[in-house]
Amino acid sequence: MHLYLHIPFCKQACHYCDFHFSTSLAQKPALVEALRREIEQQQDYLGTRQLETIYFGGGTPSLLTEAELASLFETIHRHFTVAPEAEITLEANPDDLTPAHLRQLRPYVNRLSIGIQSFHEPHLRFMNRAHSALEAQQCVRLAQEAGFHNLTIDLIYGVPAADHAIWERDLETALLLDVPHISSYSLTIEPDTALGRWQKKGRFQGTDDEFAAEEFEMLIRTLGANGYEQYEISNFARPGHEARHNSSYWKRRPYLGIGPSAHSYNGHSRQYNVANNALYIKAINRGELPCTVEMLTPADQVNEYLLTGLRTKWGCQVSELESLSGGTFVREQQAILAEQQRRGWLTRTGDQLLLTPAGKFFADRVAAELFMES
């Protein structure tokens, strides 16, 4: 099974980010101790203690000290059995990846996810990233020299610009770094972010959908021509380098989420930890799990499978949709399935539903139209 740990600390707030985090590190030691206690409390959640992947997300997990990382792994290994070939990923910011820090990470982590976002200095300043364009390139080379060859970088497209030249140069730079995996997302303006507040006040205007779609098309075309497979809408990998941990989410595998705001899934329910560091620490120290549990209805299971599965190269199995729905999915959604095939957004081959290349631009809409009512 799969383990996720949320490290909710950042040096500064990126203007687009609406994940749970704090820019004050004062609670970091207490929170790491609470993570260790929650691991112990939740060790039987998955029904097995065999781990295939471990993922440190955030926030900025590269802010953990070597001692903090060692203490978390000591707890993990005490309560779980980690497969010898387990994928162990840590999200990192470029400015944290010094040669000394990379040497400290190497015994614990075999995959780095580096939040580069852009190689263009003005775009980094616009997003309020803590690193420079030079650090964005240097950190990848330093990681490779330190022995990290299973690397992924994050890039953001759809950033306001006069044309697509900056995005084109970002892709060219990414290819020169020769990383085996790239995740790329359109800049999304969330209400409770700096960009969202600026937009509400009329101080900022994002790009239109057409501009972002053109850059998405450039992304697919450029990476495809250079040996990357788009195995999920936003994720591109060279053969054998798909993210095993993230793929487990898209394939509806059970996972345990540890930390404030972390989610867990055991096949029939989801639970959501409180998104507040102080409340999380207090509850864990009292021996309580500060989470909300949601039992999933058949419709919930179908809808989640559609939302995640259709985004991948594996698509959705009609037989699985029928099983989850109690045999009603095809009968109830037959007209919509036919309409989406007529539009050229969806194909059905035997038991498999897949988005077409055109359908990838409307993935969430395709899934939403097929949702079943609870």
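So which helices of the chain fit the span-like rule, where a helix is a whole DSSP H run, its Cα atoms reach 15 Å or more along the axis, and its mean Kyte-Doolittle is at least -1.0? TM-like helix candidates: 28-41, 66-79, 133-145, 165-177, 209-225, 298-309.
Using only alpha carbon pairs under 8 Å that are at least six residues apart, calculate the relative contact order of segment 2-249 and give it in whole percent.
After rounding, I find 18 percent.
Using the Cβ atoms and a cut-off under 13 Å, what net charge is assigned to the surroundings of A262, where Lys and Arg are +1 and Asp and Glu are -1?
Numbers: positive: R270; negative: E38.
Summing Lys and Arg as +1 and Asp and Glu as -1 gives 0.
With both labels modelled 7 Å from their Cα along Cα-to-Cβ, the N128 to N266 distance reads 3.8 nm. Take the Cα radius of gyration of segment 298-370 and divide it by 2.2 N^0.38 Å, N being the number of residues; the result is 0.97. Excluding same-chain residues fewer than 8 positions from K251, which aspartates and glutamates have a Cα within less than 19 Å of its Cα? Correct list for K251: E52, E87, E229, E232, E242, D300, E304, E320, E322, D351, D364. Between the C-alpha center of segment 174-245 and that of segment 301-374 there is a gap of 23 Å.
Between E214 and E332, take the C-beta separation as r, use R0 = 45 Å, and let me know the FRET efficiency to the nearest 0.05. Don't skip to the end; give the middle numbers.
Working: r = 36 Å, r/R0 = 0.80.
After rounding, the FRET efficiency stands at 0.80.
The length gained on full extension between R49 and A30, counted as 0.36 nm times the residue separation minus their Cα-Cα distance, comes to 4.3 nm.
When cysteine pairs in the chain are screened for C-beta atoms closer than 4.7 angstrom, the residues that find no partner are C10, C139, C291, C316. Segment 263-295 and segment 34-58 have their alpha-carbon centroids 13 Å apart.
Name the residues of segment 155-190 whose amide N is less than 15 Å from a point 7 angstrom out from the Cα of Q205 along the C-beta direction? Only 160-163 fall inside the zone, counting backbone N under 15 Å.
Annotation for segment 160-213: trypsin sites (Lys or Arg not before Pro) lying in DSSP loop with at most 16 further Cβ atoms inside 10 Å of their Cβ are K201, R203. Would you mind classifying segment 1-40 by shape? Square roots of the alpha carbon gyration tensor eigenvalues, ordered a ≥ b ≥ c; an a/c under 1.5 is rounded, otherwise it is prolate if a/b is larger than b/c and oblate if not. In terms of gyration-tensor shape, oblate. Across all Cα atoms of segment 97-191, the radius of gyration (one decimal) and Dmax (whole number) stand at 13.8, 45 Å.
For the pairs K200/K313; K200/K360; K11/K200, note any where the Cα-Cα span goes beyond 31 Å.
Details: K200/K313 37 Å; K200/K360 29 Å; K11/K200 26 Å.
Too far apart for the 31 Å limit: K200/K313.
Here the average projected area of the convex hull drawn through the C-alpha atoms of the chain stands at 19.0 nm². What translational D, rounded to a whole number of µm²/s, comes out for segment 1-138 from Stokes-Einstein when the hydrodynamic radius is the Kirkwood one over Cα pairs, at 4 °C and 1.567 mPa s? Rounded to a whole number, D works out at 81 µm²/s. Local charge for R365 was computed over the other residues whose Cβ lies under 14 Å away, with Lys and Arg +1 and Asp and Glu -1, and equals -1.
Which net charge results for the neighbourhood of I39, defined as the other residues with beta-carbon distances under 14 angstrom from its beta-carbon, given Lys and Arg at +1 and Asp and Glu at -1? Can you show the working numbers first?
On the way: positive: R36, R37, R49, R78; negative: E33, E38, E40, D44, E68, E74.
Summing Lys and Arg as +1 and Asp and Glu as -1 gives -2.
Using DSSP to call loops (not H, G, I, E or B), can you name the trypsin sites (Lys or Arg not before Pro) in segment 280-334 whose Cβ has at most 16 other Cβ atoms within 10 angstrom? The partial results should precede the final answer.
Values: sites: K282, R286, R311, K313, R331; in loops: R286, R311, K313.
Qualifying residues, ordered by number: R286, K313.
Give the percent of DSSP beta bridges with both residues in the chain that are antiparallel, rounded to the nearest 5.
Numbers: 22 of 53 bridges.
Here the antiparallel bridges make up roughly 40 percent for the chain.
Bear in mind that the values in this text are calculations on the coordinates, not laboratory data. What you see is a predicted model, and the numbers here were worked out from it, not measured in a lab. Positions of Cβ are generated from backbone atoms using ideal geometry, with glycine treated the same way; all protein chains shown enter the neighbour counts.
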